[in-house]
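Visitor: Take this structure, written in structure tokens, and hold onto it; I'll ask about it next.
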Amino acid sequence: MNYIDVIDLKKYYGKTKGLEHATLAVKKGEILGFIGPNGAGKTTLIRILLGLLEKDSGTALIDTKAVSLDQGMNQQIGYLPSEANFFGEYRVKQILKFYANLIKKDITHGIELASYFELDLNKKVAELSYGNKKKLGIIVALMKEAPLLILDEPTTGLDPLFQKKFLDLLLKEKEKGTTILLSSHVLSEVQKVCDRVSLIKNGEVIYTEEMAKLSSKAYKIIKYSPAFKINLDHAKVTYDKDSVTIEYQGNIQKLLEKLALYPIKDLSIESVKLEDIFMHYYESEMKS
């Protein structure tokens, strides 16, 4: 069952395209990674889901209910924008009290989260570092205990320790049955926590895949010299003047046995990271 359904969504800003035929589904209780470069349409789609921006056409559903600008922001969503801004003269505890009253929740959960993230309750917002302001934004989004979390670049500004603590917290939220849409440029964190991942380009969602299947597409880059012709199945071979580069997915031992038959002087083998897989796919889509 899908908790979010976006079908053929279109949004233009005058003549500038925001979204064009964008289609996206987030299953109930999953973490979906939503990635793409700046200006690809991620924020536009998120704002439409929040009820903060009106679509031109298409369908946007949350828990089978249509979202629209006139309903205001959906109260069943915990939202973290990429830039979280608060009243600078307020102390952290005052901010938490303000939002607790706003969402009609007890402040206790917010206090617990502040302790988890080691955020000083007595500090004024204006005195907080960028990373600590981001922690406050995360806490405000989570203290709502909503069935849906939409998080836009949540770990920007967090040091590695608190990035890990945040990702651990997301997995606990998933265990509770929370549905999470995670927009991020940090592909390593997407790989750690997401069940599936969707890639958006020029306002269109061009690719969605299960993370396990995507990880299985990892390959190795083998480079050797001097250059000589080699016939390989399921491999991309590029010949330069002095060397050969192979993108290879398969049994590396068999490849090495074949290469051992040739007079190789230099050989290097590099494992391709998730970032490289996405860049390879994204660039191939741009050429098509």
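Where a number appears in this text, it was derived from the coordinates with a stated rule and is not lab data. Since the model is a prediction, treat every value here as computed from it, not as a measurement. Cβ sites come from the backbone with ideal geometry, for glycine too, and all protein chains shown count toward neighbours.
Visitor: With each label point set 7 Å from Cα along the Cα-Cβ vector, what nm distance links Lys28 and Glu257?
Guide: Label-label distance for Lys28 and Glu257, simple model: 5.1 nm.
Visitor: While we're looking at this one, here's another question. Go through Leu259, Ile62, Ser271 and say which Cα lies farthest out towards the positive end of the charge dipole of the chain; charges sit on Cβ, +1 for Lys and Arg, -1 for Asp and Glu.
Guide: Ile62
Visitor: With +1 on the Cβ of every Lys and Arg and -1 on the Cβ of every Asp and Glu, and nothing else charged, how large is the dipole of the chain about its Cα centre, in debye rounded to the nearest 20?
Guide: Details: 41 positive and 38 negative charges, 37 e Å.
With Lys and Arg at +1 and Asp and Glu at -1, about 180 debye.
Visitor: Then there's this: Based on DSSP loop calls and a cut-off of at most 16 other Cβ atoms within 10 Å, the longest stretch of the chain free of exposed trypsin sites (Lys or Arg not before Pro) is what?
Guide: Answer - 29-103.
Visitor: Return the Rg/Rh value of the stretch 220-271, two decimal places, where both radii are evaluated on C-alpha atoms and Rh is the Kirkwood radius.
Guide: We get a ratio of 0.90 for the stretch 220-271.
Visitor: Which values of log₁₀ I(q)/I(0), to two decimal places, follow from the Debye formula for the chain at q = 0.11, 0.15 Å⁻¹ with a uniform point scatterer at every Cα?
Guide: Values returned for q = 0.11, 0.15 Å⁻¹ are -0.74, -1.12.
Visitor: If you take the alpha carbon radius of gyration of the stretch 61-148 and divide it by 2.2 N^0.38 Å, what ratio comes out, to two decimals?
Guide: Normalised by 2.2 N^0.38 Å, the Cα Rg of the stretch 61-148 equals 1.14.
Visitor: Count the DSSP beta bridges whose two residues both fall in the chain, then state the antiparallel fraction as a percent rounded to the nearest 5.
Guide: Details: 38 of 55 bridges.
Beta bridges within the chain, antiparallel portion: roughly 70 percent.
Visitor: Sort Asp70, Asp240, Asp195, Asp56 so the one with the fewest other Cβ atoms within 10 Å of its own Cβ comes first. Write out the running numbers ahead of the final one.
Guide: Numbers: Asp70 6, Asp240 10, Asp195 16, Asp56 13.
With the fewest neighbours first, Asp70, Asp240, Asp195, Asp56 line up as Asp70, Asp240, Asp56, Asp195.
Visitor: So who's got an amide H within less than 5 Å of the one on Glu204, skipping anything under 5 residues away but keeping other chains? H placed 1.01 Å off N, in plane.
Guide: When sequence neighbours closer than 5 places are left aside, the close amide H contacts are Glu20.
Visitor: Here is a follow-up. Which ³J(HN,Hα) values in Hz, rounded to whole numbers, follow from the phi angles of the stretch 189-204 under the Karplus curve 6.51 cos²θ - 1.76 cosθ + 1.60, where θ = phi - 60° and Gly and Pro get x?
Guide: 6, 4, 5, 6, 10, 8, 7, 9, 9, 10, 10, 10, 9, 6, x, 10
Visitor: In the stretch 69-153, which GluC sites (Glu not before Pro) are in a loop and have at most 15 other Cβ atoms within 10 Å, using DSSP for the loop call? Provide the component values of the computation, followed by the final result.
Guide: Working: sites: Glu83, Glu89, Glu112, Glu118, Glu127, Glu145; in loops: Glu83, Glu89, Glu118, Glu145.
Those satisfying the criteria are Glu83, Glu89, Glu118, Glu145.
Visitor: Moving on. Please return the longest stretch of the chain lacking exposed loop sites, where chymotrypsin sites (Phe, Trp or Tyr not before Pro) count only if DSSP places them in a loop and at most 15 other Cβ atoms lie within 10 Å. Present the calculation step by step, with values, prior to reporting the outcome.
Guide: Working: sites that count: Phe87, Tyr90, Phe228.
Looking at the chain, 91-227 is the longest stretch - no exposed chymotrypsin sites (Phe, Trp or Tyr not before Pro) with at most 15 other Cβ atoms within 10 Å.
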